[in-house]
1. Tell me the per residue accessible area of segment B:435-562 using a 1.4 Å probe; a whole number in Å² is fine.
2. If you keep only loop residues by DSSP, which trypsin sites (Lys or Arg not before Pro) in segment B:427-473 have at most 13 other Cβ atoms within 10 Å of their Cβ?
3. Roughly speaking, to the nearest percent, how much of segment A:106-236's 1.4 Å accessible area is carbon and sulfur?
4. Apply the a/c threshold of 1.5 to the C-alpha gyration tensor of the protein assembly as shown and tell me whether it is rounded, prolate or oblate.
5. Send over the semi-axes of segment B:265-424's equivalent ellipsoid, whole angstrom and largest first, taken as the square roots of 5 times the C-alpha gyration tensor eigenvalues.
6. Within the set B:K123/B:K360; B:K497/B:K621; B:K133/B:K633; B:K504/B:K573; B:K63/B:K342, which residue pairs have Cα atoms separated by over 25 Å?
7. Given a 1.4 Å probe and no ligands, DNA or RNA in the count, how much accessible surface is buried by B and A, both sides, to the nearest 100 Å²?
8. With N residues in segment A:115-166, what two-decimal value do you get for its Cα radius of gyration over 2.2 N^0.38 Å?
Amino acid sequence: MGRTLTFRIFRFNPYDEDSVSRIQEYQLEEVPRLNIFNALNLIRDDQDPTLMFDFVCRAGICGSCAMMINGRPTLACRTLTSDFSSVIELFPLPFFKLLGDLSVDTGVWFREAAERLESWIHTDEEFSVNETEKRMDNELANKIYESDRCIECGCCIAGCATANVYPDFLGAAGLNRIGRFMIDPRDERSNETWFELVSTYEGIFGCIGMMACEDVCPKSLPLLDTFAKVRRLMLGTGLSGKK
Amino acid sequence: MSDTYTTDVLVVGAGLAGERVAVEAAKYGLNVIILSLVPPRRSHSSAAQGGMQAALGNAAKGKGDNPTVHFLDTLKGSDWGGDQEVIRIFVDNAPIAIREMAHYGVPWNRVKGGPAQYFIKGKKVEVEEDFKKEGLITSRDFGGTAKWRTCYTADGTGHSVLFAMDNLVVQHGIQVHDRMEALSIMHGDGKCYGVIARSLRDGSLKTYFSKSTVIATGGYGRIYGTSTNAVINEGTGNAIALDTGIVPLGNMEAVQFHPTGIVPTDILVTEGCRGDGGFLLDKDEYRFMPDYEPEKQELASRDVVSRRMTEHIKKGLGVDSPFGTHLWLDIRHLGEKHIKTKLREVYDICMYFIGVDPVKDLIPVRPTQHYSMGGIRVNKDGHAYNLEGLFSAGEAACWDMHGFNRLGGNSLAETVVAGMVVGKRVAEYSLKRNLDISSTLADKFTREVEDRINALFKGKGTESVAGLKKEMADVLTEKVGIFRNGNDLGEAKKLLKKIYDRSKNIKVKSTSKGGNPELTAALRLKGMIKLAMTIAWGAYARKESRGAHTREDYPARDDNKWLVRTLARWPEKANEPVLSYEPVGILDMPPGERGYGGAQSIPMKKSVKSYNASVEKLQKKNGCLDPAIKIGKEIKPGLWKKEVK
């Protein structure tokens, strides 16, 4: 016999002036391998068509569905109900702008972060249609990919002590993005440019090293390693007196 | 009056194809706005795992590759249903597109010189990678290809390419209005003027006027319910094109089923699993594919492998499970290191979603709806038939390089190549055209959308969105699946027609302000049912088997009668789609053997010359606008002969 699950879900619709923030309970019969994606859709289809949440790939790839599940930020699509007691509490990610119930605006935040970090390859070289690609060591390509795997789900920022008291902090996702471009030889930005960009309280020196980001990252990115490298490089640049 | 925006180029859809078009137009100095249902980096392009085909020929097993070999593979894959000129444009530009993305930061895997271990056709072999190629972009094996041609970043290729592309979008300062759904194309006198859209944040309607409008909303696999597609792949862009009454959708009956959707959840695991040497096994853990396809084995084209798997299951050799019958995918022999690096997403998906460790266990898989070869019919410039100023690119379009079956690795490549090629044409067109703003037009189309919304609030309420959606999906899955026949398809037509009629009785109960997910879903449903109908109508009418369209009652490919593309229109006030046909395009290589699949074909009676003589006239009759370069001029005739033994 399956369990009856109780979902306690945060509700608030910021576009409705009469809406009051509250916790609403829903009951659902558990079936084998039930995940939060299927559970929320069942609730919306059969019990409450107004419930707002975000899913896209439902395969742990796109980063849309991060939410607080029993107090921990994680991807809802790949979270199984069988991992919990029969009461499951769902809250939207903190830090990001709330769009309604479990839906938050990670998209606009990450776009702004990309603009702040100038998250693209900076090079004076034009692409040439007829030339063979520049060579790159496969190990280096793999290393870049390792940081490039971030899906910008926002879990690291939701779980970050600094971000939650200091909203301009770039968070692990932002710092990881910097680390990704720093090791990419195609990006011609100098250490001095990086220093201007991230050697600030909003950047690498705002991190207080509690590393919740690494604990909650659904992609298991090597955030500690990346921060250590960024910090060491920035310290070196700062101490060298070039700044 | 709703908020009104004006722009040179309006792109609907922020996946790879849409963003590449936007970047190209921005390079021409044009203003671009992109509308997207979701933040761009959430687009379904991000879920493409295995790779992107381009004939670079750097890997040892890719040696001797060139665009013409890629042309042959793609054409055979399409079962001669593709447009050979478009395939040529595609294969010639694919290497450029991939190198360009390398320039913009994609960390493609590279050649490492020296001995390398691979699994090829069931055996472990050592291959010497060329030291001279060290550091150039490498490739892996995929189905239906003569050479190893699929370039990749582990199994997160779509993710890496999409992030690099979106970085370019940010760099060019291109505006993205995310959580914005286009609900109607403003058009009149054969010209497109932009769209009416609805904000999924606050529910308000917006008007967008543009010189050119590009639909790049991807596929519509979700109408099958059971699909590897993301939940947003509901054909929103295709539906609004069909709603114009004049723009046709091409080859909607051409639906791809991918051999390896996992059971349950239907999430895709990449073709790279088989490309890197994985096996398909039956309930006796017997490797059955070499019996059916001695030459290509697990790496025949997807339509063939999915058919063979279904045949094998029908023989009673599938594995029974509470989630239905399936087969096994075995990648254990590739080893832990390979699985946890080059197939890392696959590892994660198996572990998290079905609790299977692919290093030690077999993965339950079955063929699952995956790709929509059909779409908005466009000419080789990406310009929609019958509607000047409307363009389409990527999976949403029927450009038509895939014909009746797409090769793995060719869709990701198409998004970027078509984005580049079509983007240029969009820019050229936009530079010539004036921005036409008409409040009469905006009011007319806004009112129509408002009427639709009001009707949904006032409906009888005898039908639910979720209920009808499921019924529609079940009809498609049961009667318009991998193996089709006249009886089932006739039945499917009747059932879908009823579902279509019943969709008028939906009532949206929630009047909640803001995005209102119930209203959002209800607004999409009718379009989805219409798309489902174009698939069933096209499949019923096509009395042959070609690529993924397999008719048990017409098992042969019929090049005499059916070397044509289906065009489905939905005229204003009609209650069902209207079909017409056009030649597939100029033939360079005449229809022949695919080299796998073992199907029979009925030869053309007409000569290739006389077939080709009618192409331009018949395509124009169906609404094809004049492309920048005359039809047939980019074909490089006869080049393929050099590559055929």
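The values are calculated or read from the model by the stated rules, or taken from the named source; none is laboratory data. This is a predicted model, so every value here is computed, not measured. Positions of Cβ are backbone-derived with ideal geometry, glycine not excepted, and every protein chain shown enters the neighbour counts. Note: areas computed on protein heavy atoms with side chains; ligands, DNA, RNA excluded. Shrake-Rupley method; radii C 1.70, N 1.55, O 1.52, S 1.80 Å.
1. On the way: 5390 Å² over 128 residues.
Ligands and nucleic acids excluded, the result is 42 Å² per residue.
2. On the way: sites: B:K432, B:R433, B:K444, B:R447, B:R452, B:K458, B:K460, B:K469, B:K470; in loops: B:R433, B:K460.
Passing both the DSSP loop test and the Cβ count: B:K460.
3. On the way: 3030 of 5760 Å².
Exposed carbon and sulfur together represent 53 percent of the surface.
4. Details: a/c = 1.27, a/b = 1.11, b/c = 1.14.
Cα axes put the protein assembly as shown in the rounded bin.
5. On the way: eigenvalues 235, 66, 40 Å².
Whole-Å semi-axes of the equivalent ellipsoid: 34, 18, 14.
6. On the way: B:K123/B:K360 19 Å; B:K497/B:K621 29 Å; B:K133/B:K633 35 Å; B:K504/B:K573 14 Å; B:K63/B:K342 22 Å.
In this structure, B:K497/B:K621; B:K133/B:K633 lie more than 25 Å apart at Cα.
7. Values: alone 23930 and 13460 Å², together 31620 Å².
Roughly 5800 Å².
8. Details: Rg = 16.8 Å, N = 52, 2.2 N^0.38 = 9.9 Å.
Compared with the compact-globule rule of thumb, segment A:115-166 sits at 1.70.
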